[in-house]
Amino acid sequence: MAARGVPWEYAAAPESTDHIRIEREYGLFINNAFSPARPRATFDVINPATEEVLSKVARASKADVNRAVTAARQAHDTTWSRLPGRERAKYLYRIARIMQERSREFAVVETMNSGKPIKESRDVDVPLAAAHFFYYAGWADKLDYAFPNRRPTSLGVAAQIIPWNFPLLMLAWKIAPALACGNTVILKPASTTPLTAYLFADVVRQAELPPGVVNIITGPGEIGMELVRHPLVDKVAFTGSTAVGKLIGRAIAGTHKKATLELGGKAANIVFDDAPLDQAIEGIINGIYFNQGEVCCAGSRLFVQESVYEPLLDKLKDRLSTLRVGDPLDKNTDVGAINSAGQLAKIAELVESGIAEGAEIFQPDCVLPDKGFFFRPTLFTGVSQSHRIAQEEIFGPVLSVLTFRTPEEAVEKANNTPYGLSAGVWTEKGSRIFKMIGAMKAGVVWANTFNRFDPSSPFGGYKESGYGREGGRHGLAGYLRLDGAA
């Protein structure tokens, strides 16, 4: 036991990587086979916690995009869309079971490639990804019941572009409903985090999916736009920044393509004076420091009722000081590495703007590793609504704390953002919860919790946070043509 006044010291508990095999080079996954890009070109994928090169992956060209889309179109028209729903369900169940069996492998590769703590990839990302395949396997033969008195049919080829913060989970959110509805897919993971997608390609072959049903290409943003513009693509599903979402919206305007856009956020987390403060503290910590704050629905704006501001802030600073920052593969680590040097610089720049604009910064006195992209958990007080740190999405472990006096003021301040993805409310009164939920302009509002996900719950935003829903029965609608109408 630690002596009185001496902080606890944790023994290192690193997850083993002995069982992990990462190829030195990955090609494009088309028609269930890996092949180099044409012309041959690659780029490095690194571990953000060590800056070591993990692998080289193919940089797709416009010709490669056409190869992948052609393969997906042929598989849709000749095989996948013609299978009965119960047969598609068998494949999805098989994928889910294989992911469970290989969960440790997925978790370690996800952490090595993204920088997130192993306890989060192991306990959140991988189980939720498998759960989405289980969930949508259950819908594959029940589409007529999901949309009674309609005639659901597949759209065709889905182009799916996912971000670097939840590579495996976003893959599951996109691919599982698309396949359940009879579509084929081309997935483009983020340039910095493609490795679990390639591990998933191995699962696709292990599950013996017909060739062309799932294709994976890698490359920069321009390749994603080539995929979006391809005339044989029928559906675009994108998760990422609002700026890129607007480009995609303009690119497909006037076409037959359906789209689901899940974009940025600046969520409000509202704590009333009757809330259980200790419980709220854990919710606040989970809301903003989970996954290093690299979460589109992170509770990055904390609104505290003035009467409990000081005790809550004291508790929050104490709790912040206990967070362990460091090696993501260590099972004791709470906050891992930022995904890239560029993202780290962007976080630092916005934090500097907060200081320059007069906000008061608090950071725990923790030692950061010598190598890798790390940033201390940060909170700002003395923040006004006009500060950049209160308006712009930071996508890092940075919390802005503001105050309010009345519920009406809380709603007005919380809705004062161009985004509308998520929000949180902390209070013991059920009636207040329902009143706040009705007033908040956000796609998801959590009550007395934060950052909770379930495959059966739809997720999506309003305003500049995008449109369309993923998850739940609602997530099927984006991949179906109902009554033959697009």
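The values are calculated or read from the model by the stated rules, or taken from the named source; none is laboratory data. Everything numeric in this text was worked out from a predicted model, so none of it was measured. Cβ coordinates were reconstructed from backbone atoms using ideal geometry, including for glycine residues, and neighbour counts include every protein chain displayed. Calculation scope for accessible area: heavy atoms of the full protein, side chains included, ligands and nucleic acids excluded. Shrake-Rupley method; radii C 1.70, N 1.55, O 1.52, S 1.80 Å.
Values computed for the structure shown
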{"read-out": "Unmet requirement for Val228, which otherwise passes all of (1) open to solvent by less than 30 Å² (accessible area, probe 1.4 Å); (2) over 30 Å from Arg432 (Cα atoms); (3) without any contact (Cβ under 8 Å) to a residue 60 or more places away in the chain", "value": "(3)"}
{"read-out": "Answer from Arg88, Arg73 - the residue that is in contact with a Cys (Cβ under 9 Å, 6 or more places away or on another chain) and at pLDDT 95 or above", "value": "Arg88"}
{"read-out": "Out of Glu464, Glu408, sole residue that is open to solvent by 40 Å² or more (accessible area, probe 1.4 Å) and either closer than 26 Å to Ile347 by Cβ or of a type in the set (Ser, Thr, Tyr) (or both)", "value": "Glu464"}
{"read-out": "Any hit, the range 468-484, residues being surrounded by 22 or more Cβ atoms within 10 Å (Cβ to Cβ), aromatic (Phe, Trp, Tyr) and touching a strand residue (DSSP E or B) at 6+ places or on another chain (Cβ under 9 Å)", "value": "yes"}
{"read-out": "Residue list for the range 270-304, restricted to those being assigned to a strand (DSSP E or B) and touching a Gly at 6+ places or on another chain (Cβ under 7 Å)", "value": "Ile270"}
{"read-out": "Candidate set from the range 310-337 (those that are part of a helix (DSSP H, G or I) and among the charged types (D, E, K, R)); member that is farthest from Gln363 (Cα to Cα)", "value": "Glu310"}
{"read-out": "Residues being small (Gly, Ala, Ser) and either within 29 Å of the chain's Cα centre (by Cα) or modelled with pLDDT under 95 (or both) - total across the range 304-316", "value": "0"}
{"read-out": "Members of the range 64-86 found to be of a type in the set (Val, Ile, Thr) and closer than 21 Å to Leu476 by Cβ, listed by number", "value": "Thr79"}
{"read-out": "The range 173-207, residues that are within 17 Å of Gln100 (Cα to Cα) and open to solvent by less than 10 Å² (accessible area, probe 1.4 Å)", "value": "Ile175, Ala176, Thr196, Ala197, Tyr198, Phe200, Ala201, Val203, Val204, Ala207"}
{"read-out": "Any hit, the range 343-357, residues being open to solvent by less than 20 Å² (accessible area, probe 1.4 Å), under 25 Å from Phe272 (Cβ atoms) and touching a Phe, Trp or Tyr at 6+ places or on another chain (Cβ under 9 Å)", "value": "no"}
{"read-out": "Boolean, Phe380 is among the aromatic types (Phe, Trp, Tyr) and either touching a residue at least 40 places away in the same chain (Cβ under 8 Å) or outside any strand (DSSP E or B) (or both)", "value": "no"}
{"read-out": "Among the residues listed as Leu402, Leu476, Leu421, the single one being under 19 Å from Phe303 (Cβ atoms), of a type in the set (A, V, I, L, M, F, W, C) and within 20 Å of the chain's Cα centre (by Cα)", "value": "Leu421"}
{"read-out": "Identity of the residue in the range 348-365, closer than 21 Å to Arg319 by Cβ and not charged (D, E, K, R), that ends up farthest from the chain's Cα centre (by Cα)", "value": "Ala359"}
{"read-out": "Test: residue in the range 253-267 that is among the β-branched types (Val, Ile, Thr), assigned to a helix (DSSP H, G or I) and surrounded by fewer than 21 Cβ atoms within 10 Å (Cβ to Cβ)", "value": "no"}
{"read-out": "Any chance Ser35 is in contact (Cβ under 8 Å) with a residue 40 or more places away in the chain and within 28 Å of His230 (Cβ to Cβ)", "value": "no"}
{"read-out": "Selection within the range 153-172 - open to solvent by 20 Å² or more (accessible area, probe 1.4 Å) and either of a type in the set (Val, Ile, Thr) or out of contact with any Ser or Thr (no Cβ under 6 Å at 6 or more places or on another chain) (or both)", "value": "Thr153"}
{"read-out": "Only listed residue being part of a helix (DSSP H, G or I), more than 14 Å from Gly396 (Cβ to Cβ) and polar (S, T, N, Q), chosen from Ser307, Ser353", "value": "Ser307"}
{"read-out": "Subset of the range 235-252 that is outside any helix (DSSP H, G or I) and within 18 Å of the chain's Cα centre (by Cα) - its residue that is surrounded by the fewest Cβ atoms within 10 Å (Cβ to Cβ)", "value": "Ser241"}
{"read-out": "Where Glu409 falls short, out of the listed (1) without any contact (Cβ under 8 Å) to a residue 40 or more places away in the chain; (2) among the acidic types (Asp, Glu); (3) within 30 Å of Ala180 (Cβ to Cβ)", "value": "(3)"}
{"read-out": "Test for Asp365: is it of a type in the set (Asp, Glu), open to solvent by 50 Å² or more (accessible area, probe 1.4 Å), modelled with pLDDT of 95 or more and part of a loop (DSSP other than H, G, I, E, B)", "value": "no"}
{"read-out": "Filter result for the condition that a residue is of a type in the set (Lys, Arg), surrounded by fewer than 19 Cβ atoms within 10 Å (Cβ to Cβ) and under 23 Å from the mean Cα position of the chain (by Cα), over Arg301, Arg324", "value": "Arg324"}
{"read-out": "Subset tally (residues that are surrounded by fewer than 21 Cβ atoms within 10 Å (Cβ to Cβ) and not charged (D, E, K, R)) for the range 208-222", "value": "4"}
